[in-house]
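Read the figures in this text as sums done on the coordinates, not as results from a lab. Bear in mind the structure is a predicted one, so any value in this text is a computation, not a measurement. For neighbour counting, all protein chains shown are included, and Cβ atoms are generated from backbone atoms with ideal geometry for every residue, glycine included.
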Amino acid sequence: MGLPQLPATEDESSALVSYNSWLLKHPSALDTFNQMMSIARGKKIVVCLDYDGTLSNIVDNPEQAVMTDKMRMALREVARHFPTAIISGRGREKVSDFVDLDNVYYAGSHGLDIAGPLRSPTYGDPKHQSRALDRKGNEVVLFQPAKKYLPAIEKIVRTLNEKTRSIQGVMIENNKFCVSVHFRHVRDEDFCTLEKLVNSVLQEYEEFRISIGKKVFEIRPDMEWDKGHALNYFIDTLGLGSSNDVLPLYIGDDRTDEDAFKAIRNRGEGFPTVVSSSPKDTAALYSLRNPLEVNKFLTNLVRWRKNSSSSKSFRQNFEGKTQKDWLLTTISCAEQSLGRNAILGL
């Protein structure tokens, strides 16, 4: 006999109502998977994913953000069936070591360091593209539009390491073309000191900007390039830049992933999917709660590709609809799956 369940507190009930309302606008990609795939039928799906918080759990020590073997297996299978890239704020080589798959393309430093399959014929300045060999000896094309900032980044890293020594819990991560200042272990009373210190260092480098993520300050060159540009660049290197039947899927959990979500929205078609277990402002159309659900979604995607009839029963109701029409349908589906009482918090 199990232990009796305690009634939800007022705060918990309020949070549940808020999240369920949010789900109506950003329905679960698992609950609406078949409808999504009915839109994808006949399209060229391109898969792009963030790493931390998407393929791996957020952990106290960023150096230990390893993905599970189960996730690696799912990602390997996805990459066998769809062009797949990881677009991370981490250094490209570091995220490549974490993922450890040869059939995946990698972009680090929020898209400022890309190892792609081919040169982009139309997207990005050709002078920033060069041929190189990856760690396995495979030929790739590197796109690194922020090379001129490398000396300044090295100086910023050295200065931050020196000036933050007295603040316990700070971790400075050099991601090659950007810098992460992790403060997950910084005491609350030291946060303002750290924030002022980081801003004071950046005052000497007007060509850089700072943003805040999940317990981290992100410092990167102030240039018109982000994860959304990286997504479009990757699509272009695949020869799909001018294709009207490409369908990008991007899954991410952080603020910098919003640029990729917006890029997909601007294209008019695609699956921008945010990973979040609580309501948040986002340009994403779909949602998943955590990396475990990301794993389930990727597994479903492979199964659908292997068995194209997996969404056969939904063809009549959903094929040929625009995404706007489909969203109206998914909202109705979400209402039914959540139930009126859950939505109202009764």
### Query
Once amide H atoms are built 1.01 Å from N in the peptide plane, which residues 5 or more positions from Arg90, or in another chain, come under 5 Å H to H?
Ser109, His110
### Task
Would you work out if the stretch 208-293 is rounded, prolate or oblate? Take a ≥ b ≥ c from the square roots of the eigenvalues of the alpha-carbon gyration tensor; rounded if a/c is under 1.5, else prolate when a/b is larger than b/c, oblate otherwise.
oblate
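Semi-axes, largest first, in whole Å: what does sqrt of 5 times each Cα gyration tensor eigenvalue give for the stretch 149-221?
Details: eigenvalues 72, 28, 25 Å².
Equivalent-ellipsoid dimensions as semi-axes: 19, 12, 11 Å.
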### Message
Checking the table Lys25/Lys262; Lys94/Lys155; Lys94/Lys262; Lys94/Lys196 against a 23 Å threshold on Cα-Cα, which pairs fail?
### Response
Lys94/Lys262; Lys94/Lys196
#### Entry: Net charge dipole size for the stretch 242-284 [Lys, Arg +1 and Asp, Glu -1 on Cβ; Debye, nearest 20]
100 debye
### About the Cα centre, charge dipole magnitude for the stretch 111-184 (Lys/Arg +1, Asp/Glu -1 at Cβ), debye
140 debye
### Query
Using θ = phi - 60° and the Karplus form 6.51 cos²θ - 1.76 cosθ + 1.60, what ³J(HN,Hα) does each residue of the stretch 283-296 get, whole Hz, x for Gly and Pro?
8, 5, 9, 10, 8, 9, 6, 6, x, 4, 6, 4, 4, 4
### Summary
Kirkwood radius from Cα pairs of the stretch 13-127 plugged into Stokes-Einstein at 4 °C, 1.567 mPa s, gives D in µm²/s equal to 79 µm²/s
## Note on the structure
For Arg41 and Glu139, extending 7 Å from Cα along the Cα-Cβ vector and measuring point to point gives, in nm, a value of 4.0 nm
### Query
Under a 5 Å amide H to amide H cut-off, with H placed in plane at 1.01 Å, what residues pair with Val46 once short-range neighbours are removed?
Leu247, Leu249
### Summary
Checked against the positive end of the charge dipole of the stretch 130-227 (+1 on Cβ of Lys and Arg, -1 on Cβ of Asp and Glu, about the Cα centre), the farthest of Gly137, Tyr149, Phe217 is Gly137
### Query
Which lysines, on any chain, are close to Lys127 with Cα under 21 Å apart, when same-chain ones fewer than 8 places away are left out?
Lys147, Lys148, Lys176, Lys227
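Dipole size in debye (nearest 20) for the stretch 149-221 around its Cα centre, Lys and Arg Cβ +1, Asp and Glu Cβ -1? Spell out each step's value before the answer.
Working: 12 positive and 11 negative charges, 42 e Å.
So the dipole magnitude of the stretch 149-221 works out to roughly 200 debye.
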### Query
Once phi is turned into ³J(HN,Hα) by the Karplus curve 6.51 cos²θ - 1.76 cosθ + 1.60 with θ = phi - 60°, what whole-Hz value does each residue of the stretch 131-145 show in order, with x for glycine and proline?
7, 7, 10, 7, 5, 9, x, 7, 6, 9, 10, 8, 10, 9, x
### Message
Under 5 Å between amide hydrogens, which residues at least 5 positions from Tyr106 or on another chain qualify, with H placed 1.01 Å from N in the peptide plane?
### Response
Ile86, Ala115
### Rounded to whole Hz, the Karplus (6.51, -1.76, 1.60) HN-Hα couplings of the stretch 163-171, x for glycine and proline
7, 9, 4, 7, 9, 5, x, 6, 10
#### Entry: Principal axes of the stretch 68-194: Cα extent on each, largest first, Å
49, 39, 24
